[in-house]
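Here's the structure we're looking at; comments come further down.
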Amino acid sequence: MADTVIQLHQVESRLYRLAVDLLATVHDTSGFAATMSAFTDLAENLAGHRPVACKLGCSHCCVLNVSVLLPEAVAIAGWLSMHCVGTACAAQLKRLQRHALHVRWMEDSERIHRQTVCPFVDARGGCSIYPVRPLVCRAVTSLNKEDCLAALDPSQFDADHAVSMDTTRKVIMDTAFCTLARAMKQQPMMSRSIELCNGVTAFLANPGLAAVLASGADLPVSLWD
Ligand code: SF4
């Protein structure tokens with residue numbers, strides 16, 4: 001038990017030092033992208049890769065609410081801007097805006113019941129933003145596909161089904177999320193989280209907001225309305 005506590009403390013300390021160092025030099029979208037790349041690389045290395053039941057094409061859990069910190073939203077928006085061109089970009093922005101409006105105020109139970117699938121799920125059932133996916137998504141795994149199907153069954157969405165998962169990964173990714181928020185506060189930088197599509201839409205529609213965030217100024221509260 002003592003070992004586990006010490007190791008988690010060390011994990012948190014490494015993530016915090018890296019986040020503080022990286023955030024101190026950020027001025028724009030590319031700075032946030034580089035920060036999130038290095039930060040998630042470290043979190044992934046610390047979390048490791050144990051065998052899980054999750055496979056490409058299995059996106060049952062991609063109906064749940066996903067909260068991101070603002071640097072994550074900036075990095076995803078930057079990645080999308082680089083990977084789509086012309087009218088495809090405008091269409092994607094519209095699709096994300098529609099989804100953000102649709103899921104506003106929805107609890108997980110309603111999203112499961114209505115099967116409001118994340119707009120980043122691609123035609124193969126994979127995550128189309130996999131290299132830059134949020135920390136919250138990285139935290140969730142399943143050791144048993146049947147557990148997931150039962151827990152996310154829209155006809156029994158209020159049933160209390162447990163899903164066995166890689167708890168080490170869950171703890172480390174949750175720690176990474178909280179540690180990044182703590183490092184942002186220390187800058188200081190706005191550390192409020194935001195719903196995934198709402199946040200990505202904001203930075204896609206207005207890339208200049210990344211520099212505002214980096215400067216330490218607050219973003220408009222209307223983003224959370
Ligand atoms: S961002 Fe990717 S992993 Fe996360 S819910 Fe959406 S499709 Fe699933």
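The values are calculated or read from the model by the stated rules, or taken from the named source; none is laboratory data. Not measured: the values here are computed from a predicted model. Ideal geometry is used to build each Cβ from the backbone, glycine not excepted, and the neighbour counts take in all protein chains shown. Note: accessible area is taken over every heavy atom of the protein model, side chains too, but ligands, DNA and RNA are not part of it. Shrake-Rupley method; radii C 1.70, N 1.55, O 1.52, S 1.80 Å.
For the stretch 53-72, the criterion of being within 20 Å of Leu204 (Cα to Cα), open to solvent by less than 60 Å² (accessible area, probe 1.4 Å) and acidic (Asp, Glu) is satisfied by at least one residue. Against the conditions (1) over 27 Å from Ala205 (Cα atoms); (2) away from the ligand (no atom under 16 Å from the Cβ); (3) open to solvent by 30 Å² or more (accessible area, probe 1.4 Å); (4) under 17 Å from the mean Cα position of the chain (by Cα), Leu42 satisfies every one except (3).
Taken together, Arg182, Arg169 contain a single residue that is in a helix (DSSP H, G or I), in contact (Cβ under 8 Å) with a residue 40 or more places away in the chain and open to solvent by less than 50 Å² (accessible area, probe 1.4 Å), which is Arg169. Among the residues making up the stretch 144-163, those that are open to solvent by less than 50 Å² (accessible area, probe 1.4 Å) and within 12 Å of Cys54 (Cβ to Cβ) are Asp147, Cys148, Val163. Counting only residues that are within 16 Å of Ser67 (Cβ to Cβ) and either within 11 Å of the ligand (Cβ to nearest atom) or open to solvent by 100 Å² or more (accessible area, probe 1.4 Å) (or both), the stretch 97-115 holds 5 of them. Among the residues of this structure, Ala217 does not count as one that is open to solvent by 20 Å² or more (accessible area, probe 1.4 Å) and part of a helix (DSSP H, G or I). When the stretch 30-50 is filtered for residues that are touching a residue at least 60 places away in the same chain (Cβ under 8 Å) and either touching a Ser or Thr at 6+ places or on another chain (Cβ under 8 Å) or in a loop (DSSP other than H, G, I, E, B) (or both), the ones remaining, listed by number, are Gly31, Ala47, Gly48, Arg50. Going residue by residue through the stretch 136-143, is there one that turns out to be open to solvent by 20 Å² or more (accessible area, probe 1.4 Å) and away from the ligand (no atom under 16 Å from the Cβ)? Yes, because at least one residue in the stretch 136-143 is open to solvent by 20 Å² or more (accessible area, probe 1.4 Å) and away from the ligand (no atom under 16 Å from the Cβ).
Going by the structure shown, is Leu18 more than 21 Å from Leu196 (Cβ to Cβ) and in contact with a helix residue (DSSP H, G or I) (Cβ under 7 Å, 6 or more places away or on another chain)? Criteria met by Leu18. Could you look through the stretch 99-130, keep only residues that are farther than 14 Å from Leu196 by Cβ and basic (Lys, Arg), and pick out the one that is modelled with the lowest pLDDT? Only one residue tops the list, namely Arg114. Can you tell me how many residues in the stretch 62-76 are within 9 Å of the ligand (Cβ to nearest atom) and over 18 Å from Arg104 (Cα atoms)? Going through the stretch 62-76 one residue at a time, the tally reaches 1.
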